[in-house]
1. Does anything in the range B:303-344 have its amide N under 16 Å from the 7 Å Cα→Cβ label point of residue B:360, and if so which residues?
2. Cα atoms only, the range B:3-265: Rg and Dmax in Å?
3. Suppose a student asked you for the relative contact order of chain B, using Cα pairs under 8 Å spaced at least 6 residues apart; what percent would you report?
4. Name all residues of the range A:316-331 having a backbone nitrogen under 16 Å from the label point set 7 Å from the Cα of residue A:297 along its Cα→Cβ direction, giving them as ranges.
5. Report, in degrees rounded to the nearest 10, the 0 to 90 angle that the Cα long axis of helix B:36-46 makes with the longest principal axis of chain B.
6. Can you give me the Cα centroid spacing of the range B:237-306 and the range A:318-337 in angstrom?
7. If the elastic network links every pair of Cα atoms under 10 Å, which of A:51, A:160, A:13 fluctuates the most in the Gaussian network model of chain A?
8. Any chance you could tell me what percent of the C-alpha pair distances in the protein assembly as shown go past 44 Å?
């Protein structure tokens, strides 16, 4: 498994480590982080999704695979890839694209796949104005390695290409008459590439019938790197309702419909509602956090107010506090506002 | 670190009744997400001790399962890491009678080692002790044996397995075994530091004479008969003795006090345990949880107070739990009422069942039972 990353590889490197939490600490194979690197002649950033794979041909080539599975790291879902691979093999496809149904009115935001009854794709349209189907590509592909290799080599030499799978590579393969198949996925799936969607995906974990249940029937274990935290302590003032609270927290305030990560402190009289609190955040007495995302290692001082109840539940404005920020006592941060540190070069 | 560690996993099994029917004292769950051995093993790891032997006697399957390859404590099962020392088949009836005999079984482990000092410990006392300090103190004192002991436990009533009295400069003036020691005694924690060669000699001499009790046959006897140089390391921080069911119960609930949690978890050292990959605890709209410790994987719809909820506890609607220790994987169905109980792992409490103990006599329900 290779993880392609353009920016900020340090944090990811530390998190993935030798891959042991995911049982990927193998002598052969395992997991590797693949940032752009300098070659003898030139070094360049990944120009697009297809180019990122192209630049790592030597990594893939080492394993002489029959198939290559291409995934995105910012999607939240559970899927058995071997089912998809089986469908790929049975169809004898050159490339299989995982798709899911989206409401037709939203279809113009996605890469839309037009396929026959058999699943064979005859057209691929990136963000069509007038979509002909509601099957959206999930950005999950299985390729035959030889097909992928040839396609990306040719794409690399095409001067007008943006080197993107959806925009360039897949339409080109169709043009060449290759066998592309759609594999329909029915479970929960969310792209968390925006603040709103990241917030929404967290909210989807909550409630009596969560849209994305972490436990229950058909659920597979999700592995992660674990830190050694003691149990969470809930004080006498704690009131927790429809929320997930990870270990290592000390909670004496009120938490409604929120996700609290490891090692957080919520003091008495503090209120957290419809928010996502990342690890090691301290929320001091009387602070209020509504419809917000607070990144790791922040301190929210007494009686600060972050975010507001939205006017419309459907389009809430999410406030964000970037990591390692301190929000002073009684400071107000408006709905939809983002505060973060200036990046130091 | 010039020290190596040896942990006895079974010595006090008999004091913990049904809780140790199927497991060692070392693998008894404690504090919501730990097994007792996590504390001593983490302390050793945090003190830079690279080689640790774990002496086992019986029922050690749960312990082996818990330890796995040792990597969650940053150890590996190999010569210079973690070694399990089960009883050798060639000794008497296969199991040992005391620590010295157990160590006699493990002699090759001790003779092959290179460390200069050996730290001996049970897994009954939970603390966050820094063995680097104990070892420094041992070396500075020039003593042959250092015993780690705590004040405040000797009260003239409680019978202590091992107690010492010493004067102001730490010189030992009295060594007592199984004694209701008065208040001026310090209570031994079962942790000792001994020179490795000295320990090997002691094992050979005592076991060959049919003696097997470390504290009685070696330390006390040598102290009175041969002037053993005994030093006391006084440990003043949090040390929880889980040497009876009642103490085990009280000490679990003691973790609800901030000063106790601080003493165990918020120092420089980290307590490690086996990694489980469970989801965070979920609190429903009807959940009312106050003054509790809650581990990952719990699904809480009822109410709980002054209780310890281990991993994966399911608490149904209108169920209420107070002053209780609820171990891993327990299901408490709708409307059940529990007060002062210890539910061992995977117990099921049926709808509207009522179970009440008292703070002095908590009710214990055995592993896997349905009430």
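Each value in this text was obtained by applying a stated rule to the coordinates, not by laboratory testing. Computed from a prediction, not measured in an experiment: that's the story for all the values here. Note: ideal-geometry Cβ built from the backbone for every residue, glycine included; neighbour counts use all protein chains shown.
1. It comes to B:340, nothing else.
2. 17.2, 49
3. 15 percent
4. A:321-327
5. 60 degrees
6. 31 Å
7. Result: A:160 has the largest fluctuation of those listed.
8. Numbers: 96980 of 255970 pairs.
Considering the protein assembly as shown, 38 percent of its Cα-Cα pairs are separated by more than 44 Å.
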